[in-house]
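Notes follow the structure.
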Amino acid sequence: MNTKKIISISINLILVGFIGKTLWTRYEVSQSQKPLLDKSVSVQGLIDTQGQAVELDDKPKAVIFWATWCQPCTAELARIRSAIEDGELKAESILAIAVWDNLDDVAKVVKDRSYNFPVMIDSKNSASAKFKVSATPTTAFLASNRVIKEISTGLSLMPATAINGFLASEEAL
């Protein structure tokens, strides 16, 4: 075999291994979060970008756990922002909860990126613990009374469509 072919096969094997490991990790995360489904959550320690304590309301919404330094989070939240600007989503149907970050960094990022939806900070890491967040972005669909209907980690293929589908199913109840 020539060197180019060996390098090509090696790169392909590495990519297959990486993709396999990523999929396995996502599967393991989903299994750890599975017991949370159809359970109501109570969250303490949320603050807004001005440092004021806030409560999670009982309205259906998509909750997106993110971090300022997370590039997939940046992409996901930019798509959410655009969907709100385009009228595809309502801002009140979204709640972004910053995890593993400090207030000043989050406030700066929210301003710089012009987020047009509510943003809270998990100041005591209690929300991330309750939702078993181990990676960002993690998205949870909360029904009325904060009941977790779905939770997943990683980028969504079509976040606005998924969020609107969930909200429509909640309104139909």
*Relative contact order for the chain, counting Cα pairs under 8 Å that sit 6 or more residues apart, in percent*: 31 percent
*Evaluated at 20 °C with a viscosity of 1.002 mPa s, what Stokes-Einstein diffusion coefficient in µm²/s does segment 77-155 have when Rh comes from the Kirkwood expression over alpha-carbon pairs?*
159 µm²/s
*Packing-wise, with mean Cβ within 10 Å as the measure, how do 95-101, 143-149, 4-10 rank, highest first?*
95-101, 143-149, 4-10
*Would you tally the net charge around residue 156, using a Cβ to Cβ cut-off of less than 12 Å, leaving residue 156 out, and scoring K and R as +1, D and E as -1?*
-1
*Count the lysine pairs in the chain whose Cα atoms lie under 12 Å apart, taking only pairs 8 or more positions apart in sequence or on different chains.*
6
*For the chain, what Kirkwood radius comes out of the mean inverse Cα-Cα distance, in Å?*
17.2 Å
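Every number here is computed from the coordinates shown, using simple stated rules; none is lab data. Note that this is a predicted model, so its numbers are computed, not measured. No Cβ is skipped: glycine too gets one built from the backbone with ideal geometry, and neighbour counts run over all protein chains shown.
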